[in-house]
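Written out below as structure tokens is the structure these notes cover.
Laboratory data are not the source of any read-out in this text; all were calculated from the coordinates shown. Note that the structure is a prediction, hence the values are computed from the model and not measured. As a convention, Cβ positions derive from the backbone with ideal geometry for all residues, glycine included, and neighbour counts pool all protein chains shown.
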Amino acid sequence: MIRLSVPFRQALSRLTLPVMLMLSLGIILFGRADQQLGDHMRAGLDDVLAPAYAAVAGPVEALEHGTGAIGNLFNLAGQNAQLRAENAKLLQWQAVAMALEAQNDSLKSALDYVPSPTPEFFTAPVVADLGGVYARSVLVSTEPGNAVSPAQLVGAVAMDGRGIAGRVVEAGNHSARILLITDLNSRIPVGLGVHGAPALMTGTNGPDPQLLYWSPGQPPAEGDMVLSSSAGGAFPPGLPIGVVHYSAQNEPEVLPLADLDDLRLLRLFIYPTSQPELTPIVKTAKPAAKPHKSG
């Protein structure tokens, strides 16, 4: 072990902070001068760190749920009974779904319905909940053999089992960064309710996005379903996002369907660039009744 003299160690400790400050300033100026190079460097760093995050995420998750798994061994009989009841309900809903599917197919054939192209998709595990450039984003690990290039992956829609979680904004060979719908940089055109009234959903860096720029005289109604809109070409139409809710300040917000606080697996959907738009249903006023003429 090399021993350093006391004056040298004191000089080194005094120089550490100025050197780090100069290095940080140089990196900032370099990133400002060449924005694309900074993005490529950040994507490369994500590629390097994604396998490490994936390796650590497995043991951490196993340790996190180990006690619950052991405790469930003593409740297998109750869980089996609950699963049987849920399975019976699912079989009932399966019959209803099959009947509705047959009815839907007959209506489509009568209307000469042309279906939209089926998107490509694959499942990616969330390996880190990072901020970085964005306050609300997650990093997912992508398999090299999914036959999707990073350029194709940018813009893909990320969904969990309930609704839209966000959109891919950066992609490398082994990882992708997803901007969540709650981030301040998120701007998504949406349709509200059964009539598809247009509005804009914006992130606030808080738990719930807010709604802006809805149609004059048609404010969002409490409990209305919020679906994606194809306006702007960023999202396909009709994907579930959340439900309208008015905050304590009487401002319309969106309660996301996706569990953004506990994302484990995300499906990345790569939709075609051109998507059909959903035409909002215009409410037509009923004609006024003619006055009755007395004879």
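Mind ordering 93-100, 156-163 by average Cβ neighbours within 10 Å, highest first?
Packing order, densest peptide first, comes out as 156-163, 93-100.
Summarise the long-distance tail of P(r) for the stretch 187-257 by giving the % of C-alpha pairs beyond 15 Å.
44 percent
Residue farthest toward the positive end of the dipole of the stretch 161-239, with Cβ of Lys/Arg at +1 and Asp/Glu at -1: which of 172, 207, 189?
Going by the charge dipole, the pick is 172.
What's the local net charge at residue 177, with K and R +1, D and E -1, over the other residues with C-beta under 13 Å away?
-3
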